[in-house]
Amino acid sequence: ANDDAAGGDSKTIRVGFGVGLYEQMFRDGILPILEDEGYDVKITSFSQNLQLNPAMKEGSLDLTIFQNTSYMDSVGAELGSDMSRLNFIPSAPQGLYSDKFKSLDDVKDGATVTVPQDPATLHRAMALLESIGWVKTNPDADVATFSLNDVTENKYNLEWKSLDLAQALTSLADVDFAVINGNYITTSDRLISSALAVEKTMDEQTQLITSVLTKDLDTDWAKDVASAYDSQEFREYVEGDDTYVGWVMPPNWK
Amino acid sequence: MFNTQVTLEQFLTSIAQTGQLLGVSFVGGVLIGLPLGILLVATRPGGITPNKAVYNIANPVVNIVRSVPFIILMVAIIPFTRLIVGTSIGTTAAIVPLILYIGPFIARLVENSLLEVDRGIVEAAESMGASPFQIIWRFLLPEATSSLILSMTTAIIGLLGATAMAGVVGGGGIGDLAIVFGYQRFDTFVMVVTVAILVIFVQGMQSFGNFAARRVRRD
Amino acid sequence: MFNTQVTLEQFLTSIAQTGQLLGVSFVGGVLIGLPLGILLVATRPGGITPNKAVYNIANPVVNIVRSVPFIILMVAIIPFTRLIVGTSIGTTAAIVPLILYIGPFIARLVENSLLEVDRGIVEAAESMGASPFQIIWRFLLPEATSSLILSMTTAIIGLLGATAMAGVVGGGGIGDLAIVFGYQRFDTFVMVVTVAILVIFVQGMQSFGNFAARRVRRD
Amino acid sequence: MIQLRNVTKVYTRAKKTITALDGINLQIDKGDIFGVIGYSGAGKSTLIRLINYLERPTSGDVEVDGLVLGDRSPSQLREVKREIGMIFQHFNLLESRTVSHNVGMPLILAGKPKHEVEARVAELLAFVGLEDRGASYPSELSGGQKQRVGIARALASNPKILLCDEATSALDPETTRSILALLQRINRELNITIVLITHEMSVIQEICNRVAVMENGHIVEEGRALDIFLRPGHQTTRNFVRTIMSIDDEPVAQVDGERVVRLEVLGDALGEPFIDRLKPDFGLRTHIERANTVYVQQTKILVLVLRLSGEPGAIDAGIAYLESAGITVLEESADV
Amino acid sequence: MIQLRNVTKVYTRAKKTITALDGINLQIDKGDIFGVIGYSGAGKSTLIRLINYLERPTSGDVEVDGLVLGDRSPSQLREVKREIGMIFQHFNLLESRTVSHNVGMPLILAGKPKHEVEARVAELLAFVGLEDRGASYPSELSGGQKQRVGIARALASNPKILLCDEATSALDPETTRSILALLQRINRELNITIVLITHEMSVIQEICNRVAVMENGHIVEEGRALDIFLRPGHQTTRNFVRTIMSIDDEPVAQVDGERVVRLEVLGDALGEPFIDRLKPDFGLRTHIERANTVYVQQTKILVLVLRLSGEPGAIDAGIAYLESAGITVLEESADV
Ligand SMILES: Nc1ncnc2c1ncn2[C@@H]1O[C@H](COP(=O)(O)OP(=O)(O)OP(=O)(O)O)[C@@H](O)[C@H]1O
Ligand SMILES: Nc1ncnc2c1ncn2[C@@H]1O[C@H](COP(=O)(O)OP(=O)(O)OP(=O)(O)O)[C@@H](O)[C@H]1O
Ligand SMILES: [Mg+2]
Ligand SMILES: [Mg+2]
């Protein structure tokens, strides 16, 4: 809802989605609610995540649903865009998968590990690997520009294979281990539970969110979006659909 | 098999978007590429109106634009895109970088086609006192038409490939559907259908191009 | 200005990777595209040895491969890639789809160049009892050389653009560096340097191509 | 050697059809130097292109060396074509190759060793007077030089049949003459059959033993060159013949009591001092109106158009004398 | 009208240089039909291409209509070129355009209205005998037909100067004659200057008033056509002249006591019954060895080579008589 749209009676919300299943979740679970409330929702989907925040900054989008808090903050600083989290949404957790090995203990020196290319997702992936003690990362690294150069300690001399997110699963057979985003597991015939390691808890920083420009935080439409995600109706949809098995639910749902 | 997440409406929308991306960008690309290609041929050393200054600007400019990977080009020109179409996202916004991508490419193909025209034709034109514009318009372009048609066919198919990247700025289209659902969500049905649609697009354009070129060549 | 996350070593590695991606894929693409383009010209209706069956297979195959957006092509042929180079990721793995991408494109450019050769030349060849192979090798290719060189220049520069996508399967290269650091991590320095390197690559190849073509055309 | 039976060639474009050849029957024997002459667009090039099957007949048979070409497979046709050299009206040289390479091409195609090709090329270039231009490219040659390259190329592989489509039309008379002399020599020494298209009667005159005259896709007259020259039957033939025998140009204005006669003197009659005898022996006044000496294939023919006046009986007697001396005497009529 | 001063044209490739034109000085006046003849490679095409500046001289000046072309700007040069029609040796037609479009091109370039272009094209096509081929494409035409299209195109815009590079070399004599007659007509009626390159002496003979003979980049002889025909000074010129006057072909075998003389009969002398008088009046035995009637620009010339025998004094007397009758008598020497 840009000024003339939101301020008027038309109640238009322009939502942008990036990589992942969040658009589908929105279409199935949120859109019906908003439409009942009389909103006209315009959806733009992006095949990569990078242009969403700039688009919101320039006013082409009202709402983006693709990122987590740390990325939003970090990119916001980079872009000079004042964004805020509206609410948390169910998120697909990253996991460490392998077709060759059954246990984390099978890791050998020089093993090959697939990691994501984009900074935010790579940042999460390294956090996961750090949690199982395989690496250490520079604690001062910025999420928005996080790269493999920020890996400070590599206990097993792991050889990184930096691939496109979707590619990680496809090429699992060619590496020893792969960090794969939950949404890819969900849409494949695998289970998140088959991971050797999963992001144990997604904290405030890594849980996926809906984000808006801070100035829009208190608008009616923003509140309506937030309450749609918190509604019983939406919870029932998520819990009743086996797409979301193994996903991490918003902290406030507990 | 029919287990897919994509609705018929999404398919239709994507087809329409691809039509728009392809049609508008191609027209735009030709509007840039054809004159640019002609310029390269006309001003090159030994050309119709040799002009070192113009050639030495136009030639590297084409190279520079062609150097930039498309995805980077899309992002790099966002301020320009916004200036032109008022937004940096969506189908219309994707068209601007697509034009910039395909224009210089078309320029090179045009250049190559025009250079193949028999020198005797240019001589005949010169002997009639034809102006550089007339030489191009009345002699070079007609003589190169069949080759130009095949070049344009090659270009539009290349452009179709590039439209698949329109999703980076939310441009949509069949190719993006293939990437987002087929590639990123392992939706085999979408993959197969989108590729089939693309194949039909390409086959249709190539057949039309071949037919038109043969028609012009009269064989 | 020099505030960058990328090390000199990474730059050098990327350049080497691009060299490898470009060199090997181009050679592979020519090895596929040149014969394929010749096949299209030779077997087309009214060609040197018209052959409906062969033409009606080769032509759509070229179209089908050209239809598939490069990123999808990369994924779709992973089993094939693995069969050929033993892995689906890394620089060598990126080369396989690059070849498959550029081969049919080269075929079309070759087709267009060869079709521009004067019919009289083919007649002269036929009157000497030249075999189809000899017609191609001794007559068509030499006469089309200058146009072929420009076409190959266009192709290799197009290929350079495609190598930027090699990063999807971990292929690396300058273009990927531009995307991963320049684009995804807002590293302006990397962006500028990589684009500059690409421009130099392209300018060099185009100048060489123009020079060689002019040399062959002797003007 | 070459036989065309009922050959028709029709070109169709859009709704228009053009019949380039219409029911052609033609036999060319081994060792012939066969000339085909006719106006522009008569179908000469089309005819010659059928002989090496660059063009397929719409109907009818083309037989070369006992083989009906229509029945041959592509590779068999190539065999036949290797035995047939062709000089093209528009040269069709490879622009990307040097003169030497162009000339040597038929040998290269036949897989001859390099030194052999080089030796033959040098020989051929010397023959056509381009010994110093072997390294040039066709675009650097004059029109006539290109044609000479085409001639050298056609001769390179010592073909059994040589097809020449206006092989000398871009050449000056000296060069033409030396080329024609060569053609004649290879025809005699190697017994090569030559089919030669031309619009220049002087070329026919110089070397052809047989001639076909074409018009509108038909052969309107055909026969021995000498016969055609002396007794052109068809108006078109006559038009061509008069280009080298200018005597036929216009009817001679006739004055009452005069007779205008045309004498054809050849062979033994050339030795007869007939011009000396007309006045003293027959009392005829003689006026040379037109005269021509032509050589048809080295046969000298003297043609005179005379105005004779004198007693009516005396003229008849004079003519009878001339005829007895072996001279052909024709009454010139006003309409030729 | 056209003036070449000290023009030299050198082509350089690799290390080789070819001097196509070497110090050419030439003046062509308004209304001339100027013929340039010479062997293949002599530099004729190069020369003509300098006149409309398709080729720039290596040194020297080309002046057309009072303007030194080297000093002109490109747009001024275009102005000049619009006034100069050119018929190319290799036609240079647009393959992608119909015959009509090709012919009308100079008018289209000049921005003439459509109906005007169409009317003029129809007129020109009728003139070159292609009235029914306007819709054809060049590839569907025979060689001669293409040349006729090129001729029609060059005439389309009524140029002041017409440059013809072998404009009739692909044409049969009938067509050639009609084209030449047209050239002569436009020369007379519109006072168009024509420069005509040819290797056919008969073309020169038919319409040129002045001739230059070229060899190896030089002009070896230049002058009035009639003079050149009757008194060719240079060996090359003689070689060309003999192509239409076959009398010069070979030396006549001379028998002791005989004199071989060449008579040139033209103008009033043509009415003299000289042949009748040699025997009765001078007791000479006369034998016609060779004879030719030629028309140089409509002027009839009868050339006879006679063997005369008789008393030595009688022969001299006979020759004196012939000369008194206005006949040129030349002693044939054995080396011509
Ligand atoms: N572009 C060029 N490069 C090198 N040499 C050339 C070039 N053009 C012409 N020549 C040479 O210049 C000389 C004169 O050529 P030109 O075409 O003027 O001859 P021409 O008298 O017209 O002969 P023809 O009657 O055979 O057409 C020839 O030896 C030719 O090979
Ligand atoms: N491809 C074609 N399509 C249509 N008509 C054609 C084609 N080729 C030739 N013709 C026509 O067929 C007729 C005979 O042509 P051809 O080339 O045999 O003539 P030609 O006797 O060689 O004439 P020239 O002496 O002018 O070369 C002409 O009217 C010509 O226009
Ligand atoms: Mg012909
Ligand atoms: Mg010439």
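The values are calculated or read from the model by the stated rules, or taken from the named source; none is laboratory data. Not measured: the values here are computed from a predicted model. Cβ atoms come from the backbone with ideal geometry, glycine included; neighbour counts cover every protein chain shown. The area values use the complete protein model at the heavy-atom level, side chains included, leaving out ligands, DNA and RNA. Shrake-Rupley method; radii C 1.70, N 1.55, O 1.52, S 1.80 Å.
With respect to the conditions (1) out of contact with any strand residue (DSSP E or B) (no Cβ under 8 Å at 6 or more places or on another chain); (2) without any contact (Cβ under 8 Å) to a residue 24 or more places away in the chain; (3) within 14 Å of chain D (Cβ to nearest Cβ), E:Val99 lacks only one, and its number is (2). Restricting attention to the stretch A:119-172, the residues that are open to solvent by 30 Å² or more (accessible area, probe 1.4 Å), within 8 Å of another protein chain (Cβ to nearest Cβ) and not in a helix (DSSP H, G or I) add up to 3.
Within the stretch E:57-74, the set of residues being in contact with an Asp or Glu (Cβ under 7 Å, 6 or more places away or on another chain) and either under 23 Å from E:Val103 (Cα atoms) or part of a strand (DSSP E or B) (or both) comprises E:Val68 only.
One residue stands out among those in the stretch D:168-211 that are more than 16 Å from ligand 2 (Cβ to nearest atom) and assigned to a strand (DSSP E or B): the one that is surrounded by the fewest Cβ atoms within 10 Å (Cβ to Cβ), which is D:Arg210.
Of all the listed residues (D:Leu54, D:Leu94, D:Leu124, D:Leu77), the sole one being within 16 Å of ligand 2 (Cβ to nearest atom) and either within 12 Å of another protein chain (Cβ to nearest Cβ) or in a helix (DSSP H, G or I) (or both) is D:Leu54. If you check D:Asp132, D:Asp65, D:Asp61 for being in contact (Cβ under 8 Å) with a residue 60 or more places away in the chain, open to solvent by 20 Å² or more (accessible area, probe 1.4 Å) and either within 11 Å of chain E (Cβ to nearest Cβ) or not small (Gly, Ala, Ser) (or both), only one passes: D:Asp65. The set of residues in the stretch D:142-167 being open to solvent by 10 Å² or more (accessible area, probe 1.4 Å) and either within 11 Å of ligand 1 (Cβ to nearest atom) or of a type in the set (Val, Ile, Thr) (or both) consists of D:Ser142, D:Gln145, D:Lys146, D:Arg148. From the list E:Val211, E:Val220, E:Val149, the lone residue that is within 16 Å of E:Val99 (Cβ to Cβ) and at pLDDT 90 or above is E:Val149. Taking every residue in the stretch D:224-243 that is touching a residue at least 40 places away in the same chain (Cβ under 8 Å) and pairing it with any residue that is exposed (fewer than 15 other Cβ atoms within 10 Å of the Cβ), at least 6 positions away or on another chain, the pairs with Cβ-Cβ distances below 7 Å are D:Leu226/D:Thr299. Against the test of being under 30 Å from A:Lys42 (Cα atoms) and either β-branched (Val, Ile, Thr) or open to solvent by 30 Å² or more (accessible area, probe 1.4 Å) (or both), the options B:Val195, B:Val202 yield a single qualifying residue, B:Val195. Every listed requirement among (1) over 21 Å from A:Ser91 (Cα atoms); (2) within 14 Å of chain C (Cβ to nearest Cβ); (3) open to solvent by 20 Å² or more (accessible area, probe 1.4 Å) is met by A:Ser188 save one, (1). The numbered conditions (1) among the β-branched types (Val, Ile, Thr); (2) open to solvent by less than 20 Å² (accessible area, probe 1.4 Å); (3) more than 7 Å from every other protein chain (Cβ to nearest Cβ) are all true for C:Ile157 except (3). Would you check if there is a residue in the stretch E:148-159 being farther than 30 Å from B:Val216 by Cα and away from chain D (no Cβ under 14 Å)? Yes, the stretch E:148-159 contains a residue that is farther than 30 Å from B:Val216 by Cα and away from chain D (no Cβ under 14 Å). In the stretch C:169-176, the count of residues that are under 21 Å from the mean Cα position of the chain (by Cα) and either facing chain B (nearest Cβ under 8 Å) or modelled with pLDDT of 95 or more (or both) is one or more. Please work out if A:Ser227 is under 18 Å from A:Ile65 (Cβ atoms) and free of Cβ contacts under 8 Å to residues at least 24 places away in the same chain. It is true that A:Ser227 is under 18 Å from A:Ile65 (Cβ atoms) and free of Cβ contacts under 8 Å to residues at least 24 places away in the same chain.
Counting the residues of the stretch E:13-31 that are without any contact (Cβ under 8 Å) to a residue 60 or more places away in the chain and either buried (at least 24 other Cβ atoms within 10 Å of the Cβ) or of a type in the set (D, E, K, R) (or both) gives 3. Scan the stretch E:32-46 and tell me whether some residue there is away from chain D (no Cβ under 14 Å), crowded, with 21+ Cβ neighbours inside 10 Å and within 11 Å of ligand 1 (Cβ to nearest atom). Scanning the stretch E:32-46 turns up no residue that is away from chain D (no Cβ under 14 Å), crowded, with 21+ Cβ neighbours inside 10 Å and within 11 Å of ligand 1 (Cβ to nearest atom). One residue stands out among those in the stretch E:127-151 that are more than 9 Å from ligand 2 (Cβ to nearest atom) and among the charged types (D, E, K, R): the one that is nearest to D:Ile18 (Cα to Cα), which is E:Asp132.
For every residue, the table says whether it meets (1) of a type in the set (S, T, N, Q); (2) more than 9 Å from every other protein chain (Cβ to nearest Cβ).
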| site | (1), (2) |
| --- | --- |
| B:Pro79 | no, yes |
| B:Thr87 | yes, no |
| B:Thr91 | yes, yes |
| B:Ala94 | no, yes |
| B:Ile102 | no, yes |
| B:Leu109 | no, no |
| B:Leu114 | no, yes |
| B:Ala125 | no, no |
| B:Pro132 | no, no |
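Taken over the stretch D:102-121, residues that are more than 8 Å from chain C (Cβ to nearest Cβ), touching a helix residue (DSSP H, G or I) at 6+ places or on another chain (Cβ under 8 Å) and in a helix (DSSP H, G or I) amount to 9. Looking at this structure, is B:Thr81 open to solvent by less than 10 Å² (accessible area, probe 1.4 Å) and modelled with pLDDT under 95? Yes, satisfied.
Just one residue in the set D:Glu131, D:Glu55, D:Glu63, D:Glu95 is farther than 16 Å from D:Ser157 by Cα, of a type in the set (Asp, Glu) and within 16 Å of ligand 3 (Cβ to nearest atom); that residue is D:Glu55.
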